[in-house]
Amino acid sequence: MERELALEIVRVTELAALSAAQWMGRGDKIQADGAATSAMRTMFDSVSVQGTVVIGEGEMDEAPMLYIGEQVGNGQGPEVDVAVDPLEGTELVAKGLNNALAVIAIANKGCLLHAPDMYMEKLAVGPALAGKLHLNDPLEVTLQKAAQILDKPLSNLTVMILDRERHQEMIQTLRRVGVRIKLLSDGDVAGAMAPALSESGIDLYVGSGGAPEGVLAAAALSCLGGELQGRLMPSNDEEFNRCLNMGMDDPLKLLSMKDMIGTEDVIFAATGITPGEFLGGVQYLANQRAETHSIVMRAQTKTVRFIRSIHYLPNKPQILTSL
């Protein structure tokens with residue numbers, strides 16, 4: 001992949017974020033996701049790739065989606081796999097809460113896992129713990145190993161987990177062991193990235209979330225030197241068979257970073273829609289302008305760029321077409 005693509009895909013996440021932000025706090029997550037999806041499609045037409053969406057979004061949330069198999073890009077340039085979440089955190093935007101993102105990852109054709117839209121069990125860590133923990137271990141063992149490697153008492157270990165009913169047993173275990181817990185209302189990609197961002201103060205991310213978001217987080221962590229291990233969680237025979245139909249020999253196997261994103265270069269980009277722990281949200285300014293905050297990273301070079309952009313908006317921002 002050409003390194004110029006890193007900046008090109010930021011333009012895509014920027015437009016998606018600007019479009020979704022118009023629905024911030026309006027209580028309509030479907031309209032917000034639809035606006036982000038439409039904007040992302042539009043801007044992708046200007047990017048010089050022959051892209052195929054291998055990870056889309058929408059089935060779980062019953063929202064519009066960039067569907068799996070959809071062709072994106074202007075048909076020129078390299079053939080790439082594309083993973084997208086035009087609005088990671090639909091509820092966050094609808095309620096005006098923090099940590100909503102527009103997210104994209106691209107890799108050479110055939111590298112990204114063709115992930116079905118179902119739940120995935122996850123363990124995400126930063127560079128200090130990468131390659132040193134195992135998702136198959138009981139949670140108590142994982143916590144003890146992490147504390148020992150990081151040379152800190154269990155009481156100073158901070159673990160992030162989505163605040164969901166399905167996680168109550170894990171949350172009880174975390175509290176019994178005595179670690180610090182940071183509950184996350186939404187925003188699975190940002191949560192899994194947190195352990196690799198030193199300013200977050202998060203040591204591990206555990207629990208289950210969307211499989212597409214797991215692959216997107218794995219792409220981000222590969223650029224940050226972290227690691228994500230996962231395992232799909234088909235809930236019935238239909239979901240199990242869907243995995244088989246998508247080419248997975250063993251839908252219940254432990255998924256490594258290699259399984260999810262391959263071993264070649266990956267580019268990851270995200271733009272904040274609402275303010276978060278590592279990216280600011282869209283801010284509307286005077287004189288028909290808006291400010292966005294983005295991150296773009298490459299796995300091959302481990303380069304991490306934070307981009308602050310000022311955009312001039314047309315008179316009718318709901319029909320943004322270009323940046």
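What follows draws every value from the coordinates through simple rules; no lab data is involved. The structure presented is a predicted model; accordingly, all values stated were derived computationally and were not measured. Here the Cβ positions follow ideal geometry from the backbone for every residue, glycine too, while neighbour counts run over all protein chains shown.
A few comments on the model shown:
- Across the stretch 65-148, Cα-Cα pairs farther apart than 21 Å form 55% of the total.
- Neighbour-limited loop hits for GluC sites (Glu not before Pro), the stretch 229-323 (at most 14 other Cβ within 10 Å; DSSP other than H, G, I, E, B): 264
- Note on the chain: Rg/Rh from C-alpha atoms, Kirkwood Rh, equals 0.96.
- In percent, rounded to a whole number, the relative contact order of the chain is 21, using alpha-carbon pairs under 8 Å and six or more apart.
- Label point distance in nm, residue 45-residue 177, each placed 7 Å from Cα along Cα→Cβ: 5.0 nm
- Size of electric dipole in the chain: Cβ of Lys, Arg +1 and of Asp, Glu -1, about Cα centre, debye, nearest 20: 1020 debye
- With 10 Å bins from 0: P(r) over the stretch 1-125, alpha-carbon pairs, percent: 14, 44, 32, 9
- By average C-beta atoms within 10 angstrom, highest first, the peptides 108-119, 140-151: 108-119, 140-151
- Column: log10 I(q)/I(0), Debye, Cα scatterers of the stretch 66-212, q = 0.13, 0.17, 0.19 Å⁻¹: -0.66, -1.02, -1.19
- The stretch 221-274: C-alpha gyration tensor shape, a/c 1.5 cut-off, then a/b vs b/c: prolate
- Annotation: for a label point projected 7 angstrom from Cα along Cα→Cβ of residue 137, residues of the stretch 206-242 with backbone N closer than 19 Å are 206-208, 226-231.
- Each of residue 258 and residue 128 was given a label point 7 Å from its Cα along the Cα-to-Cβ line. The distance between the two points is 2.8 nm.
- Calculated [θ] (222 nm, deg cm²/dmol) that DSSP helices of n ≥ 4 give over the chain, each run adding -39,500 (n - 2.57): -9000 deg cm²/dmol
- Label-point separation in nm, residue 7 to residue 233, each point 7 Å along Cα→Cβ: 4.2 nm
- Counting only residues at least eight positions apart within a chain, or on another chain, the lysines with an alpha carbon under 21 Å from that of residue 152 are 132, 182.
- Of the DSSP H helices in the chain, those that are both long (alpha-carbon extent of 18 Å or more along the helix axis) and hydrophobic (Kyte-Doolittle mean at least 0.5) are 5-21, 211-224.
- Descending semi-axes in whole angstrom, ellipsoid equivalent of the stretch 167-323, from the Cα gyration tensor: 32, 21, 17
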